[in-house]
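Accompanying notes for the structure given below.
The values are calculated or read from the model by the stated rules, or taken from the named source; none is laboratory data. Fair warning: this is a prediction, and the values are worked out from it, not measured in the lab. Using ideal geometry, Cβ is built from the backbone for each residue, glycine included, and neighbour counts are taken over all protein chains shown.
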Amino acid sequence: MKRRQRLLLIIIAALLVSVAAAVIPRMSDEASAQSATNKPESASESKGLHTLFDSYFEEFLRLNPLFATSVGDHRFDDRLTIGPSDEYRSKMKALYTKYLNDIPRIDRNPFNQEDRLSCEVFKRSIESSLERLRFDDHLTPISQFEGLHILFPLLGSGRGGHPFKTVENYENFLGRIGGFQVWSENAIADMRKGMTVGIVQPRVLMEKALPQLESMIVADVKQSIFYQPVANIPAHFSPQVKVRLTEAYTEAITEQVIPTFQRLHNFIRTEYLPRARSTVGLSALPKGKEEYEYLVKFYTTTNLTSEEIFQIGLNEVRRIKGEMEGVKGQVGFKGDLKAFFEHLRTDPKFYPFTSDQEVLDAYRAIEARMQPRLPKLFNMVPKAKFEVRLTEKFRAATASHSYTGAAPDGSRPGIFHVPVVDAKKYSSYRMESVFLHEAIPGHHYQISLQQERKNLPKFRQHGGYGAYTEGWGLYAESLGKELGLYTDPYQYFGRLEAEMHRAIRLVVDVGIHAKGWSREQAIAYSLENNSISDARATSEVERYIALPGQALSYKIGELKIQELRRKADKALGSGLDIRAFHDEILRDGALPLDVLEMKVTKGSRTKDR
């Protein structure tokens with residue numbers, strides 16, 4: 001998801017969890033089956049528990065209609081969330097409190113082990129979400145990396161989660177346009193409130209949000225990204241319907257969409273920017289230090305402190321540098337590692353593309369080359385289809401490579417998004433590691449298999465944990481040689497760079513938000529230890545500024561999965577079936593890291609596939 005593209009943090013927060021140290025022990029398959037056999041009352045008790053889960057998920061979807069759309073539930077496609085607003089936060093708090101109070105009334109003793117696991121994860125998730133509401137991140141709803149001002153154009157283009165296949169689909173989005181106006185007014189109100197209490201975004205982030213907003217303000221309605229569904233209206237619609245929808249969309253774009261983006265742009269340029277802060281770390285804000293330590297635990301699902309993560313990062317940077325030196329010697333480069341980085345940044349042979357299509361074709365060739373070897377590493381293969389697509393040009397300059405999960409109903413494939421601003425400046429030597437992480441067998445396998453496991457409660461089927469999801473994506477990069485990739489030492493160096501990139505994040509993210517590092521200090525550290533360009537280092541550092549703690553999940557998760565593989569290899573030696581190991585990691589969907597470790601080391605698993 002890496003990379004998994006991340007929607008609104010307030011939605012993700014409701015499905016993620018901060019994890020306590022204790023883990024419910026899991027029984028073996030046989031013990032679990034015996035337990036179910038010996039407790040005839042467990043069926044009714046289990047049904048009651050799942051009714052509770054379903055009831056919660058239903059209420060959650062009603063309050064978060066965009067999330068509902070993303071998981072293939074289209075009952076609320078004419079609505080947007082009412083957040084950010086005090087009303088929305090109050091409703092979410094009431095929802096969490098209601099179900100947290102219901103949990104103690106449930107007798108967990110009769111449950112089978114899977115239900116007990118789900119119950120514990122459910123409780124932790126709600127407790128973590130309630131804790132999140134203690135902080136005031138809703139007062140900073142916009143940056144160049146997140147916010148509905150970025151997501152809404154993607155939805156309105158017809159290339160996002162909102163479908164444009166039926167007349168009702170088109171009419172529903174007109175309702176969402178009205179909802180976007182409400183969201184915009186709420187966002188401005190919250191930002192004004194933040195200005196009064198000293199909770200504002202760094203100026204450097206908001207300066208780069210302005211061009212995003214400005215790109216939505218067009219003189220010709222047909223040039224609007226929101227007009228694309230009209231330009232691609234299905235041929236089977238009647239002429240009368242086509243005329244009616246064209247007129248309705250023309251009016252909505254002219255009178256609602258463009259003026260809304262104009263108001264947001266004007267507010268940020270004239271009111272907000274003069275009050276934006278020069279500091280970049282979360283610790284500079286009221287309760288910022290406390291919030292960052294919460295986010296460290298939230299995103300890593302561990303009890304590691306920011307200082308412990310900082311030290312892990314320093315150690316990993318040192319280790320990976322040693323491997324990089326080895327590759328540099330293998331290719332016969334004369335000069336130090338910094339000179340080798342410059343060589344990779346500037347040698348034309350690493351920039352072979354002349355068109356966007358050539359970039360896409362190169363990724364598709366990687367998929368074709370590794371496909372025959374996948375069965376040697378994986379028993380379980382997702383049913384969901386998969387595509388490689390270009391990231392929309394309006395956001396390509398600030399976007400990372402990312403993955404959007406397939407719609408559960410099969411109406412949309414899993415999509416690997418490739419941001420290409422200028423194909424001639426797109427480097428080739430990192431492509432294999434990027435594909436392994438974002439696409440196959442990274443996020444596409446993990447997310448699709450989780451969604452396709454129908455016996456999971458819906459809050460687990462569609463939930464996520466960054467440390468698990470991104471940890472799996474980074475672990476997937478390490479499988480390149482086993483999949484017939486990394487035969488070119490430069491591609492393997494690209495994999496080391498990707499790993500170094502995630503190790504640097506542990507140092508830089510903590511440096512910015514807990515140690516008072518400046519933006520420039522963080523950029524300098526990134527450039528010193530990796531071959532990325534100044535522009536990319538700047539973009540990455542600004543991402544860490546905008547999303548405190550999120551970047552920690554990758555490396556912490558990957559280290560845990562690598563540790564589990566080493567333990568399995570030590571215990572089983574030649575008896576280790578790597579396919580069975582990967583089954584065990586993926587089988588039960590996203591889990592907190594301590595729960596994952598207990599599950600894998602005990603060798604327990606469910607039998608519903």
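Things to note:
- Candidates E168, E120, E207 - the one that is surrounded by fewer than 21 Cβ atoms within 10 Å (Cβ to Cβ), within 29 Å of A284 (Cα to Cα) and either assigned by TED's automatic domain parsing to the domain that holds D73 or modelled with pLDDT of 95 or more (or both): E207
- Tally of residues being surrounded by fewer than 24 Cβ atoms within 10 Å (Cβ to Cβ) and closer than 21 Å to D137 by Cβ across segment 552-569: 0
- Note on segment 143-152: residues that are surrounded by fewer than 23 Cβ atoms within 10 Å (Cβ to Cβ), at pLDDT 90 or above and not aliphatic (A, V, I, L, M) total 1.
- Leading residue by the ranking (farthest from D356 (Cα to Cα)) among those in segment 415-443 that are modelled with pLDDT of 95 or more and polar (S, T, N, Q): S433
- The criterion of at least 2 residues that are modelled with pLDDT under 95, of a type in the set (A, V, I, L, M, F, W, C) and outside the structural domain of G194 (by TED's automatic domain parsing) is met by the following helices (runs of 4 or more DSSP H) wholly inside segment 257-369: 337-346.
- Considering I199, I188, I150, the condition of being farther than 23 Å from E251 by Cβ and within 21 Å of the chain's Cα centre (by Cα) is satisfied by I150 alone.
- In the set T196, T140, only one residue is more than 30 Å from R244 (Cβ to Cβ), surrounded by fewer than 16 Cβ atoms within 10 Å (Cβ to Cβ) and of a type outside the set (A, V, I, L, M); that residue is T196.
- Test result for S433, outside the structural domain of L117 (by TED's automatic domain parsing), more than 22 Å from L154 (Cα to Cα), crowded, with 20+ Cβ neighbours inside 10 Å and of a type in the set (S, T, N, Q): yes
- Number of residues in segment 371-411 that are charged (D, E, K, R) and either in contact with a strand residue (DSSP E or B) (Cβ under 8 Å, 6 or more places away or on another chain) or within 21 Å of E477 (Cβ to Cβ) (or both): the value is 5.
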